[in-house]
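This report concerns only the one structure given below.
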Amino acid sequence: MSAMPNPDWSKYEAYFWECVVIHSRSLLGRVPRAVLFVFDDGTAHTINPHGGEAAPPAAAPAMPAWPPANGWGFRTGGEVSYEGVVFTASAKQAAILALLARHPWESVSVERIKKEALKDGRASERTVQNAVSLLRKILVRELAAEADPIEWDAGEEGYRLMLV
């Protein structure tokens with residue numbers, strides 16, 4: 001198999017940057033300063049629309065260990081880890097769990113879950129209830145949780161993650 005020629009990046013950078021910005025805003029709520037591509041052969045390319053081409057690193061940056069040994073970890077596709085145990089959940093369930101994990105022991109309202117985790121303020125409360133119910137089952141099964149891992153807070157009308 002012959003090596004592919006280096007692409008003319010300028011043809012693709014504007015489109016790719018727009019996709020990165022949209023994805024980053026929806027996932028993290030912010031825009032990155034640059035994007036770094038590191039290839040198998042050790043070469044690198046950076047897209048930095050705010051300041052031109054940045055110098056590539058001497059070596060590829062170390063990726064964080066997966067799964068993290070402590071606390072929660074989340075990957076795209078619903079892959080979740082807690083204290084080193086890896087399991088999968090639906091995208092809705094993982095988004096809800098990620099929101100609850102960012103606010104351990106705090107009550108997170110159903111409205112906030114609908115807006116921030118589900119990205120749909122019009123979603124029904126039943127949708128949230130179903131997702132949390134299934135999420136509880138996953139956490140009990142995968143983490144051998146003995147108590148309810150997600151409590152309902154009637155006073156705040158929200159859910160509270162009890163695993164931290």
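The values are calculated or read from the model by the stated rules, or taken from the named source; none is laboratory data. If you're wondering where the values come from, they're calculated on a predicted model, not measured in any experiment. Backbone-built Cβ (ideal geometry, glycine too); neighbour counts: all protein chains shown.
Observations on the structure shown:
- For the stretch 87-123, residues that are within 15 Å of Arg75 (Cα to Cα), in contact with a strand residue (DSSP E or B) (Cβ under 7 Å, 6 or more places away or on another chain), surrounded by 14 or more Cβ atoms within 10 Å (Cβ to Cβ) and not small (Gly, Ala, Ser) total 3.
- A Cβ distance below 9 Å, combined with a sequence gap of six or more or placement on separate chains, defines the contacts here; from the stretch 97-116, residues that are at positive phi reach residues that are part of a loop (DSSP other than H, G, I, E, B) in the pairs Trp105/Met162; Trp105/Val164.
- Each residue in the stretch 131-164 was checked for being in a strand (DSSP E or B), touching a residue at least 12 places away in the same chain (Cβ under 8 Å), among the charged types (D, E, K, R) and under 24 Å from Asn70 (Cβ atoms), and 1 of them qualify.
- Listed by position, the strands (runs of 3 or more DSSP E) enclosed by the stretch 42-104 that each have at least 1 residues that are at pLDDT below 90, among the aliphatic types (A, V, I, L, M) and over 15 Å from the mean Cα position of the chain (by Cα) are 44-47.
- Test result for Val128, in contact (Cβ under 8 Å) with a residue 12 or more places away in the chain and in a helix (DSSP H, G or I): yes
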